[in-house]
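What follows is a single structure, written as structure tokens, with notes after it.
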Amino acid sequence: MAADTITAPRSGDHGAATAGPLAVLRGVLRDRRRTLLLWSLAIAAVTAVYVSFYPAMGDGADLSAFVENMPEGLVSALGYDNIATPGGYLSSTVFGILGPALLLVFGIGWGGRTLAGAEEDGTLELELTHPVSRTQVYAERLLGLWLGLLLLVTIVFVVAFGLVTALDMELATSNLLAGTVGLFLLGLALSTVALAVGAATGRRGVAVGAAAGLAVVAFVADAIGPLVDGLGWLTDVSPWSWYLAGEPLLEGFDVTGLALLAALTAVATVAGLVRYRQRDLGV
């Protein structure tokens with residue numbers, strides 16, 4: 001937490017130093033502003049490139065011909081079933097692979113670093129010597145992570161909406177919003193898992209590994225669940241399926257899937273806070 005977020009007692013005052021409102025959050029966002037700028041530019045560029053590439057596919061005819069020559073299982077695993085439509089194309093590119101991958105790299109990296117990383121390099125102990133509670137530190141560092149994710153998915157939506165409109169692609173704004181909300185909640189859930197594991201263990205590598213492992217397992221479960229007899233239940237427990245199985249860019253909001261992602265976020269938040277408050281941090 002930056003020094004200027006703390007109000008030190010003036011000469012003659014007898015009270016202790018006090019932390020300003022949202023002091024931890026303001027310090028986190030200030031420290032991460034350059035990273036947020038670079039990630040914003042990167043995710044805007046990726047979104048712009050892939051959305052603007054759709055008209056070059058021949059209004060879907062060339063895409064249909066390409067997909068017809070692919071193995072059926074591979075088509076299903078990659079989500080190419082409806083790639084010839086604007087909604088299907090965006091589901092298979094920006095919202096199905098690239099967007100989640102970038103958002104999870106950003107969020108899981110930040111989630112693992114914000115508490116466990118700070119504990120490992122000693123900055124968390126220094127911060128806790130200021131007049132802030134552990135709960136405040138946990139909550140405001142988590143809020144900083146969530147705001148960073150919200151910024152990135154907002155950029156995805158704005159860039160995609162602008163290009164979909166400019167290119168006259170037949171995609172309902174409500175469906176684009178449904179995909180964006182789902183993308184945000186997927187990133188929120190798995191990034192919060194990273195932060196919670198870091199809060200519980202104090203080890204950045206464990207936090208990043210646990211959340212990244214969960215993301216990979218969830219992706220694989222979503223891909224193979226529909227293809228293997230007897231393994232269909234994998235899609236019921238996969239956060240990736242909670243995000244995409246309802247095909248939000250084609251069908252709109254999937255309330256059940258979104259609620260499950262929100263529930264995972266809530267469980268990780270509470271579990272991480274409980275363990276973080278119990279741990280001996282040496283302060």
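The values are calculated or read from the model by the stated rules, or taken from the named source; none is laboratory data. Bear in mind the structure is a predicted one, so any value in this text is a computation, not a measurement. Neighbour counts run over all protein chains shown; Cβ positions are idealised from the backbone, glycine included. These area figures cover heavy atoms from the full protein model, side chains too; ligands, DNA and RNA do not enter into them. Shrake-Rupley method; radii C 1.70, N 1.55, O 1.52, S 1.80 Å.
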**OP:** Go over the candidates G107, G117, G88 one by one and state the one that is small (G, A, S), open to solvent by less than 20 Å² (accessible area, probe 1.4 Å) and under 13 Å from the mean Cα position of the chain (by Cα).
**Re:** G107
Original post:
Taking segment 1-48, which residues are over 18 Å from the mean Cα position of the chain (by Cα), open to solvent by 90 Å² or more (accessible area, probe 1.4 Å) and modelled with pLDDT of 90 or more?
Top reply: R26, D31, R34
Subject >> Residues of segment 243-283 that turn out to be among the aromatic types (F, W, Y) and open to solvent by 60 Å² or more (accessible area, probe 1.4 Å), as a count >> reply: 1
Subject >> Which listed residue, of D168, D236, is of a type in the set (D, E, K, R), assigned to a helix (DSSP H, G or I), open to solvent by 40 Å² or more (accessible area, probe 1.4 Å) and out of contact with any Asp or Glu (no Cβ under 7 Å at 6 or more places or on another chain) >> reply: D236
Original post:
Restricting the search to segment 202-214, which residues are open to solvent by 10 Å² or more (accessible area, probe 1.4 Å) and part of a helix (DSSP H, G or I)?
Top reply: R204, G205, V206, V208, G209, A210, A212, G213, L214
Original post:
If only one of A189, A139, A199 is closer than 25 Å to V46 by Cα and either of a type in the set (A, V, I, L, M, F, W, C) or crowded, with 21+ Cβ neighbours inside 10 Å (or both), which one is it?
Top reply: A189
**OP:** For D222, work out the one condition from (1) within 30 Å of T135 (Cα to Cα); (2) open to solvent by less than 40 Å² (accessible area, probe 1.4 Å) it doesn't fulfil.
**Re:** (1)
**OP:** Residues being more than 18 Å from L115 (Cβ to Cβ) and touching a residue at least 12 places away in the same chain (Cβ under 8 Å): count how many of those fall in segment 192-213.
**Re:** 0
